[in-house]
Amino acid sequence: MSEQRFGEHVVVRRHEYVAEFVLDRPKAMNAVSTAMARSISAACRALGDDPDVRVTVLTSTHERAFCVGADLKERNSFSDAELVRQRPTTRAAYTGVLELPMPTIAAVHGFALGGGFELALACDLIVADATAVVGLPEVSVGVIPGGGGTQLLPRRVGAARAAELVFSARRVEADEARELGLVDQLVEAGRDREEALALATRIAGNSPVGLRAAKRALRLGQGLDLRAGLDVEDAAWRAVAFSGDRAEGVAAFNEKRKPVWP
């Protein structure tokens, strides 16, 4: 297993074809400071440029939190001008996770609040353990979810449910979060990372070309009418139909063997 650090608070560990993207600011429960936002962006750029990464899993080193959102202590010291200057840095961090080209899984335990839950929402799948508490409480401190929450949450649970959660600023515990579709898989306490990495390993056994094209079709087709969405799908199909992965996949199926993706 190789490891690369991005700044002080982000580590990327490689488990063969799976990258573990580790939030590592335990003294602040992974609150996203300006420096941490820059590290998240840098790690996303490196992962996006690495064709050998088939799946990325977001994890946390803190025992009681995935991420508690923006660093409000840092924000409290900002002037209005400084807050405006910081905004592109923060936005780039959340966008960086959202635009990773390979499938992404968030492994959530403890608190995933505000920007922390938005980092999870930016992933394709969320595996949460029984200790998870999620929510978007931004309106309770005079702002709104600004890391994609107002757009990603309704795409996951519908407009009315998202409105209730955002307007009420309430925290949702693990069982209800699974019931509402805020998380996709609920596991025993302490097993979120293990189960997310296991799921990632299963996914990584599939064609890397196919995985990235399927993600692109899923993402780009959201919000389009059916005909336009099918055109997006057709473009993604054409991108993979004549690839070495398709040839190997079909050959391996017919020869009853495990494919070796080129």
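The values are calculated or read from the model by the stated rules, or taken from the named source; none is laboratory data. Note that the structure is a prediction, hence the values are computed from the model and not measured. Heads up, the Cβs are rebuilt from the backbone with ideal geometry, glycines too, and the neighbour counts pull from every protein chain shown. These accessible areas exclude ligands, DNA and RNA; they are computed on the full protein's heavy atoms, side chains included. Shrake-Rupley method; radii C 1.70, N 1.55, O 1.52, S 1.80 Å.
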Just how far, in whole angstrom, is segment 118-160 from segment 18-41 if you go by their alpha carbon centroids? 17 Å
With springs connecting C-alpha atoms under 10 Å apart, model the chain as a Gaussian network and identify which of 126, 105, 203 has the largest mean-square fluctuation. 203
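Local charge sum around residue 209 (other residues, Cβ-Cβ under 14 Å, Lys/Arg +1, Asp/Glu -1)?
Details: positive: 54, 212, 215, 216, 238, 246; negative: 52, 245, 248.
Spelling it out: positives minus negatives among the neighbours equals +3.
Ignoring the sites themselves, what is the longest stretch of the chain with no trypsin sites (Lys or Arg not before Pro) in a DSSP loop and at most 10 other beta-carbon atoms within 10 Å? Walk me through the intermediate numbers first.
Numbers: sites that count: 256, 257.
Looking at the chain, 1-255 is the longest stretch - no exposed trypsin sites (Lys or Arg not before Pro) with at most 10 other Cβ atoms within 10 Å.
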The set of residues whose placed amide H lies less than 5 Å from the amide H of residue 55, leaving out same-chain residues fewer than 5 positions away, is 19
Total charge dipole magnitude, segment 211-254, about the Cα centre, Cβ charges on Lys, Arg, Asp, Glu only, Debye to nearest 20: 160 debye
The ³J(HN,Hα) series, computed from each phi in segment 241-249 with the Karplus coefficients 6.51, -1.76 and 1.60 at θ = phi - 60°, rounded to the nearest Hz and given as x for glycine or proline, is 4, 10, 8, x, 5, 5, 4, 5, x
Any chance you could give the angle, 0 to 90 degrees and rounded to 10, that helix 192-204 forms with the longest Cα principal axis of the chain? 30 degrees
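At 1.4 Å probe size, with every protein chain present, just tell me what the per residue accessible area of the chain comes to in Å².
Ligands and nucleic acids excluded, the figure is 51 Å² per residue.
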Using modelled amide H (1.01 Å from N, peptide plane; none on Pro or chain starts), what sits under 5 Å from the amide H of residue 108, excluding residues fewer than 5 places away? 127, 128, 129
Proximal lysines relative to residue 73, as straight alpha-carbon distance under 28 Å, when same-chain residues fewer than 8 apart are discounted: 27
Against the longest principal axis of the chain, how steep is helix 80-98, in degrees 0 to 90 to the nearest 10, with axes from Cα atoms? 30 degrees
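Rounding to the nearest 20 debye, state how big the charge dipole of segment 1-78 is about its Cα centre with +1 on each Lys and Arg Cβ and -1 on each Asp and Glu Cβ.
Values: 11 positive and 11 negative charges, 59 e Å.
With only Lys, Arg, Asp and Glu charged at Cβ, the dipole is about 280 debye.
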Select from 150, 137, 221 the residue farthest towards the positive end of the dipole of segment 82-224; place +1 on Cβ of Lys and Arg, -1 on Cβ of Asp and Glu, and compute about the Cα centre. 221
